[in-house]
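Below is one structure, written out as structure tokens; comments come after it.
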Amino acid sequence: MNNLDSLCQSRLFSGISPNDIPKMLKCLSATRKEYAKDEMVVREGDLVDDVGIILQGSAQSTKLSVTGKQIIVSLHYPGGYTAVLTAASRGRRCPMSVQAIEPLEVLFIPIKNILSRCTKLCMAHEQLLGNLFDSIAERALELHDRNDCLIMPTIRDKVLTYLTRVMRETGTETFTIPFDREAMAEYLDVDRSALSRELAWMKRDGLIDFYRNEFKLLQKAVEKMFTNRQAGQVY
């Protein structure tokens with residue numbers, strides 16, 4: 001089985017011996033599919049019956065607003081999922097599209113085969129089922145993080161909320177984000193020109209420093225975050 005490392009990185013196969021994974025994939029009737037750059041993996045409104053695990057490349061989940069504007073919801077990398085919440089929701093249509101950012105390889109596993117009790121009652125399948133629920137919770141929390149940005153009243157608050165989260169995840173005040181300015185504007189659901197202006201003002205005000213997609217939260221921003229937390233506003 002190629003791309004075994006990507007599967008081992010996936011929460012779905014956490015705690016399962018790499019030696020058991022190829023046998024499990026055959027038992028689960030898993031299939032692989034390749035996508036070209038910009039090709040759609042899932043379209044908004046599709047019925048989804050499979051959990052998709054990215055083996056190579058990267059993808060983005062997007063949604064069209066009522067005005068027809070494309071909004072980036074999340075990014076997906078090797079070991080990550082495509083439409084896991086929809087696959088697990090039994091009959092719900094996918095609320096967003098998934099598109100390849102670069103050449104992409106995805107492993108698809110029918111959700112019914114994960115949920116069905118293994119005829120051999122193997123411990124690995126029991127672990128897989130438990131991991132599925134962990135994966136669903138993880139994906140729901142990712143969407144919660146995105147919503148934290150969207151509910152902020154100003155562009156500055158949206159930016160600080162997002163950058164603060166990335167800082168916590170990376171454990172360093174200087175970090176690289178996976179977005180260019182256009183994608184960052186889509187993710188935060190703001191106008192690109194307005195975002196560029198606000199970033200320049202935030203740099204002027206001593207909140208952040210940046211070069212392209214490398215950012216640093218300065219002490220003033222960290223203090224603002226701490227003050228807002230004390231006031232009950234959590235970034």
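Remark: pairs (first residue in the range 84-103, of a type in the set (Ser, Thr, Tyr); second residue exposed (fewer than 15 other Cβ atoms within 10 Å of the Cβ); Cβ separation under 7 Å; 6+ apart in sequence or on different chains) = 86/92; 97/40; 97/43.
Taking the range 55-71 as the range and being open to solvent by less than 10 Å² (accessible area, probe 1.4 Å) and either of a type in the set (Lys, Arg) or more than 24 Å from residue 188 (Cα to Cα) (or both) as the test, only 55 passes. Just to be sure before I move on: is residue 144 within 30 Å of residue 18 (Cα to Cα) and either open to solvent by less than 70 Å² (accessible area, probe 1.4 Å) or of a type outside the set (A, V, I, L, M, F, W, C) (or both) in the structure I sent? Spelling it out, it is not the case that residue 144 is within 30 Å of residue 18 (Cα to Cα) and either open to solvent by less than 70 Å² (accessible area, probe 1.4 Å) or of a type outside the set (A, V, I, L, M, F, W, C) (or both). Residues of the range 75-105 that are among the small types (Gly, Ala, Ser) and open to solvent by 50 Å² or more (accessible area, probe 1.4 Å): 91 alone. Evaluate the range 128-141: report whether one residue or more is within 30 Å of residue 26 (Cβ to Cβ), open to solvent by 70 Å² or more (accessible area, probe 1.4 Å) and not in a loop (DSSP other than H, G, I, E, B). Among the residues of the range 128-141, at least one is within 30 Å of residue 26 (Cβ to Cβ), open to solvent by 70 Å² or more (accessible area, probe 1.4 Å) and not in a loop (DSSP other than H, G, I, E, B), which makes the answer yes.
Just for helices (runs of 4 or more DSSP H) wholly inside the range 173-235: which have at least 1 residues that are of a type outside the set (Phe, Trp, Tyr), at pLDDT 90 or above and surrounded by fewer than 17 Cβ atoms within 10 Å (Cβ to Cβ)? Filter on the range 173-235 gives 181-188, 192-204.
Here is a yes/no grid of residues against (1) of a type outside the set (Phe, Trp, Tyr); (2) on the phi < 0 side of the Ramachandran plot:
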{"residue": "153", "(1), (2)": "yes, yes"}
{"residue": "158", "(1), (2)": "yes, yes"}
{"residue": "166", "(1), (2)": "yes, yes"}
{"residue": "171", "(1), (2)": "yes, no"}
{"residue": "175", "(1), (2)": "no, yes"}
{"residue": "180", "(1), (2)": "yes, yes"}
{"residue": "186", "(1), (2)": "yes, yes"}
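The values are calculated or read from the model by the stated rules, or taken from the named source; none is laboratory data. Being a predicted model, the structure only gives us computed values, none of them experimental. In this analysis, Cβ positions are derived from the backbone assuming ideal geometry, glycine residues included, and neighbour counts consider all displayed protein chains. Keep in mind that these areas ignore ligands, DNA and RNA; they rest on the heavy atoms of the full protein, side chains included. Shrake-Rupley method; radii C 1.70, N 1.55, O 1.52, S 1.80 Å.
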